[in-house]
Every structure is written in structure tokens, then in C-alpha cells.
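Worksheet for the structure shown next.
The values are calculated or read from the model by the stated rules, or taken from the named source; none is laboratory data. Every value quoted in this text rests on a predicted model; they were computed, and no experiment measured them. Neighbour counts are summed over all protein chains in view; Cβ atoms, including those assigned to glycine, are modelled from backbone coordinates with ideal geometry.
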Amino acid sequence: MTRTATFMTGSAFGPALLRTLAAVLLLLLLAGCADMVPAVPETAIEDAAQEPEEAQTQAEDSPAESQPAQEEPAEPVTVVEPADFVLDATATEVRFLVEETLAGNHKLVVGATSTVSGAFRATPSDLMATTFEPVAIDAATFVTDSDRRNGAINRFILKTSAYPEIVFTPTGFAEVPAMVEVGQEFEGRLEGTLSVLGKEIPLSFALSARFASEHEFIGSGTTTISREEWGISVPMPPLVTWVADPLVFEMDFTAQAEQTDQ
């Protein structure tokens with residue numbers, strides 16, 4: 001009986017013991033390998049998670065170098081050929097304005113005429129290239145609010161029998177844009193010389209004008225004239241006690257260009 005029990009112990013439990021030992025060795029081996037793997041800090045894991053978001057933000061903030069900014073196309077410039085313009089006497093007026101004291105009352109005297117002729121060649125595409133012919137004014141046709149004053153102007157002031165015309169000879173525009181579009185109003189100066197009573201003196205008109213169309217030019221100008229400088233004497237009847245110096249010289253004009261069939 002004793003021998004039988006010993007035999008069963010050696011034969012039945014031997015393999016089980018070996019399997020147990022093998023399992024223990026395997027667990028020890030796995031534990032040792034686990035100790036050899038370095039631990040990853042939690043902050044490294046968080047930084048790794050944030051890197052894609054930061055990269056995306058930088059990509060949104062920085063424009064792509066491969067896509068240069070596109071420039072807006074320049075507006076097309078309308079080129080208009082030069083045309084010959086002639087002053088339209090029906091839509092043109094030249095005026096002088098002078099203040100006086102008459103019978104103790106202040107008065108503004110206005111003399112006007114539409115008997116004006118002149119011409120020029122111009123284009124809105126190149127204002128500085130404008131060329132002019134003299135502008136002639138019939139001095140005897142100035143009309144005021146008084147026939148007696150009209151007579152005095154002709155006989156004593158402008159002396160129209162000896163000097164029938166007042167002539168303005170433009171030399172060119174100044175202080176104007178290089179070019180304008182049709183319909184665009186512009187300002188500047190019209191330089192030239194004015195001939196009155198046989199004297200010719202440089203004069204400059206402050207000008208405001210526009211090409212109403214390619215065939216119509218509209219404008220107005222103003223300047224001042226010193227009576228003393230021009231030798232313009234004004235008779236002083238008993239009721240007139242004062243006449244201003246200088247006087248104002250104005251013009252409103254319209255010029256038309258001949259339209260040809262294409």
C-alpha cells in the first residue's frame with residue numbers, strides 16, 4: 001500500500017508541477033520585460049495631442065506662399081480723338097461786374113454781351129494739348145440796365161469807336177488734370193493775354209468746365225481787372241460818388257464740335 005501511494009504521487013503530480021513552474025517563469029519573464037519598457041510621461045502625451053491643432057492654426061494664419069495676391073485689373077481708359085470746337089454765341093455770355101455808389105446807394109452794375117467768337121481744338125484724353133484761337137468780344141454790344149450808362153461805356157470808358165473789340169488770346173490750360181472722362185467736371189486755370197484799349201496784359205481765368213459729350217464743351221471762368229492798370233477811366237457824374245477797382249470779368253460758354261457721319 002505504501003508503494004502504491006508513492007507511485008501515484010510521482011506519476012500524477014509530476015507533470016502538473018512542471019506546468020506550474022513554467023507558468024511562474026513565464027510571468028517572471030513578462031514582468032522583467034515590462035520593467036525594461038520606458039514609461040511615457042503624461043505631458044508628452046498631451047503635447048502630442050496638441051501638435052496637430054497648433055499646426056492647423058499656423059497654417060490658417062500664414063498665407064500659402066504658392067498663391068500670390070491677385071492685383072485688381074486697371075479700369076480701361078477711354079481715348080477720345082481731338083475735335084474742333086466753336087463757341088456757340090446762343091449759349092455764351094461775357095460779363096463785367098463793378099460796384100458803385102449812386103445817389104448814396106450801393107449798386108452792382110452788370111454789363112453783358114453774347115457777341116463773342118472763338119474756337120479751340122481739344123480732347124478729354126489730353127487737356128494740356130488743347131490749342132486755342134483768340135476769343136473776340138464786340139465791345140460796343142455790352143448792355144447794362146441803363147441806356148445812358150450804355151452810352152457812357154461806349155463813348156468814355158471802352159471807347160468802342162477806336163477799340164471795337166476786346167480780345168482774349170489763350171495760351172493754354174494750367175493746373176488741370178492730364179485727362180478726364182466725358183461728363184467729368186474739372187477745375188484749373190486758362191492762361192492768356194487780354195487786349196483792352198490797345199493794351200495787352202497777361203491774364204488768368206479761374207476755370208470750371210466739362211466735356212458734356214465728345215461734341216460739346218461747357219465751362220465758366222472768372223478773373224479781375226484793375227481799372228488803373230488797364231487805364232480804364234470812369235466818368236463821375238454828380239450822382240456817382242464811388243466806383244470800385246478792380247472790376248470782375250466773367251464768362252459762361254458752350255462750344256460745339258461738328259459731328260461727322262462715320
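Filtering T113, T144 for residues that are under 19 Å from I225 (Cα atoms) and either touching an Asp or Glu at 6+ places or on another chain (Cβ under 9 Å) or among the aromatic types (F, W, Y) (or both) leaves a single hit, T113. For the stretch 210-228, give me the residue count where each residue is more than 19 Å from T123 (Cα to Cα) and not in a strand (DSSP E or B). Number of matching residues: 3.
Tell me yes or no: at least one residue of the stretch 202-217 is within 18 Å of A139 (Cα to Cα) and surrounded by fewer than 16 Cβ atoms within 10 Å (Cβ to Cβ). Within the stretch 202-217, none of the residues are within 18 Å of A139 (Cα to Cα) and surrounded by fewer than 16 Cβ atoms within 10 Å (Cβ to Cβ). Give me the residue from the stretch 145-177 that is of a type in the set (F, W, Y) and at pLDDT 95 or above and, out of that set, farthest from the chain's Cα centre (by Cα). Across the stretch 145-177, the extreme among qualifying residues is Y163. Taken over the stretch 229-242, residues that are assigned to a loop (DSSP other than H, G, I, E, B) and closer than 22 Å to L102 by Cβ amount to 8. Looking only at the stretch 64-93, residues that are aliphatic (A, V, I, L, M), within 29 Å of A178 (Cβ to Cβ) and at pLDDT 85 or above come to 6 in all. Taking residues in the stretch 223-249 that are on the phi < 0 side of the Ramachandran plot, and partners anywhere that are among the acidic types (D, E) and at pLDDT 90 or above, the pairs with Cβ atoms closer than 7 Å and at least 6 places apart or on different chains are S226/D245; R227/D245; E228/D245; V240/E100; W242/E100; V243/E100; A244/E99; A244/E100. D245 satisfies every condition listed in (1) in contact with a helix residue (DSSP H, G or I) (Cβ under 6 Å, 6 or more places away or on another chain); (2) in a strand (DSSP E or B); (3) not hydroxyl-bearing (S, T, Y) except (2).
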